[in-house]
Amino acid sequence: MTVTISRLYDNYADAQNAVQGLEAAGVPHSEISIVANNSDSWYGTDKKVDRDHDGVDDRAEGAGKGAGIGAGIGGAAGLLAGLGLLAIPGLGPVVAAGWLVATAVGAAAGAATGGIVGALTNAGVSKEDAPLYAEGVRRGGTLVSARVPDADRARLDAILDRSAVNLRDRSAAWKKAGWTTFDPASKPYNADEVRRERELYGSGSGIR
């Protein structure tokens, strides 16, 4: 039996370490996804990468397929070599790679539920947690998800728990400030809002 495990991180570097930890533990690249907020343009280039001349940025194609294309990422290996720039409903600009991305930007996710929420729930994430993960990315975070054998879950959960956001505490803070739930039609956070959010919560700690 395969299960989906997910964690939210305040810092991309922490999420990157989590992905590399999963890969080192034997999880195939094809079973891991990463979605990072890019509202403050921390990742990007002015030049379009279109080596196959199909009119589509190769990095976005690589993100959807989880494939390594090695463009503009400093020689990164594994899943992270397939990072691409794209937009997901409700989140705005993101840097992403892996199976979750292909689902989130496809028709299967359903516009009514929001691309990322639909993709997560279709993958087995609870209807309670999926909107929290989506909101976390909207506010500047990075989401890592992996499809793993149930028998390996405890071992791989321990890898993801390092530096992960405590999702319950974080969502409680949002609700205290007036937030209700993730709305895919809401305006994405801008760079200043993302910076303020990151300053408010720091690097994050604890588990989901």
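The values are calculated or read from the model by the stated rules, or taken from the named source; none is laboratory data. Predicted model only: the values in this text are computed from it and were never measured. Please note: Cβ atoms are built from the backbone with ideal geometry, for glycine as well, and neighbour counts cover all protein chains shown.
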Run residue 27 past the list (1) farther than 16 Å from residue 165 by Cβ; (2) among the aliphatic types (A, V, I, L, M); (3) modelled with pLDDT under 95 and report the number of the one that doesn't hold. (3)
Collect the residues in region 171-202 that are among the acidic types (Asp, Glu), within 18 Å of the chain's Cα centre (by Cα) and within 20 Å of residue 41 (Cα to Cα), keeping them in residue-number order. 197
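Residues of region 142-160 being of a type outside the set (A, V, I, L, M) and touching a Gly at 6+ places or on another chain (Cβ under 8 Å), which ones? Spell out how you get there, then give the answer.
Filtering region 142-160 for residues of a type outside the set (A, V, I, L, M) gives 142, 145, 147, 149-150, 152-153, 155, 157.
Hit for region 142-160 is 145, nothing else.
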Would you mention how many residues in region 125-143 are in a loop (DSSP other than H, G, I, E, B) and touching a Ser or Thr at 6+ places or on another chain (Cβ under 9 Å)? 4
Keeping to region 58-79, report how many residues are under 13 Å from residue 16 (Cβ atoms) and modelled with pLDDT under 85. 5
Does residue 152 meet the test of being modelled with pLDDT of 95 or more, over 17 Å from the mean Cα position of the chain (by Cα), farther than 20 Å from residue 87 by Cα and not small (Gly, Ala, Ser)? yes
Pairs returned, first residue in region 104-123 that is among the β-branched types (Val, Ile, Thr), second residue that is surrounded by fewer than 19 Cβ atoms within 10 Å (Cβ to Cβ) and at pLDDT 50 or above, beta-carbon separation under 7 angstrom, 6 or more apart or interchain, are 121/127
Say whether the condition of being under 14 Å from residue 6 (Cβ atoms), assigned to a helix (DSSP H, G or I), among the aliphatic types (A, V, I, L, M) and touching a Leu at 6+ places or on another chain (Cβ under 8 Å) is met by at least one residue in region 148-156. yes
Hits in region 136-180 - residues which are touching an Asp or Glu at 6+ places or on another chain (Cβ under 9 Å) and free of Cβ contacts under 8 Å to residues at least 60 places away in the same chain: 171, 174, 179
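Of all residues in region 1-15 being assigned to a helix (DSSP H, G or I) and in contact with a strand residue (DSSP E or B) (Cβ under 8 Å, 6 or more places away or on another chain), which is nearest to residue 148 (Cα to Cα)? Give the steps one after another, and end with the answer.
Initially, region 1-15 is screened for residues assigned to a helix (DSSP H, G or I), giving 12-15.
Adding the requirement that they be in contact with a strand residue (DSSP E or B) (Cβ under 8 Å, 6 or more places away or on another chain) leaves 12, 14-15.
On the way: 12: 22, 14: 20, 15: 17 Å.
Ranking the candidates gives 15 first.
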